[in-house]
Amino acid sequence: MKNTLNRNKIISARQQNAMAGRFKVTIIETLEMTVEVESENQEQAEQIVADRWKNGGYILDADNFADVKFEAVPAGGQED
């Protein structure tokens, strides 16, 4: 019985080593800010805010942090 348990641990370690490798992990941070504008419609409101943002009217920083996620993919054997 003990031999079987040790063998299972060895197989498990081998499986883990076979799966080990290099991965590229993308860190995606989301910053969020809500602003209020007057406009004729929703599309125009979005355009006004987009234009102001592009011109530096809204600066988002760590105070606007909303979320983070991590996405890993195999590195594909290519060196960076």
Legend entry - Subset of segment 52-70 (residues that are in a loop (DSSP other than H, G, I, E, B) and either among the aliphatic types (A, V, I, L, M) or in contact with a Pro (Cβ under 6 Å, 6 or more places away or on another chain) (or both)): ILE59, LEU60
Legend entry - Close pairs (7 angstrom Cβ cut-off, 6 or more residues apart or separate chains): farther than 22 Å from ASP67 by Cα in segment 32-53, of a type outside the set (Gly, Ala, Ser) and outside any helix (DSSP H, G or I) anywhere: ALA45/VAL37; ILE48/VAL37; ARG52/TYR58
Inset, instruction - Could you please let me know if GLN47 is surrounded by 11 or more Cβ atoms within 10 Å (Cβ to Cβ) and modelled with pLDDT of 95 or more? - result: yes
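The values are calculated or read from the model by the stated rules, or taken from the named source; none is laboratory data. Because the structure is a prediction, the values reported are computed rather than measured. All Cβ positions, glycine included, derive from the backbone under ideal geometry; neighbour counts span all protein chains shown.
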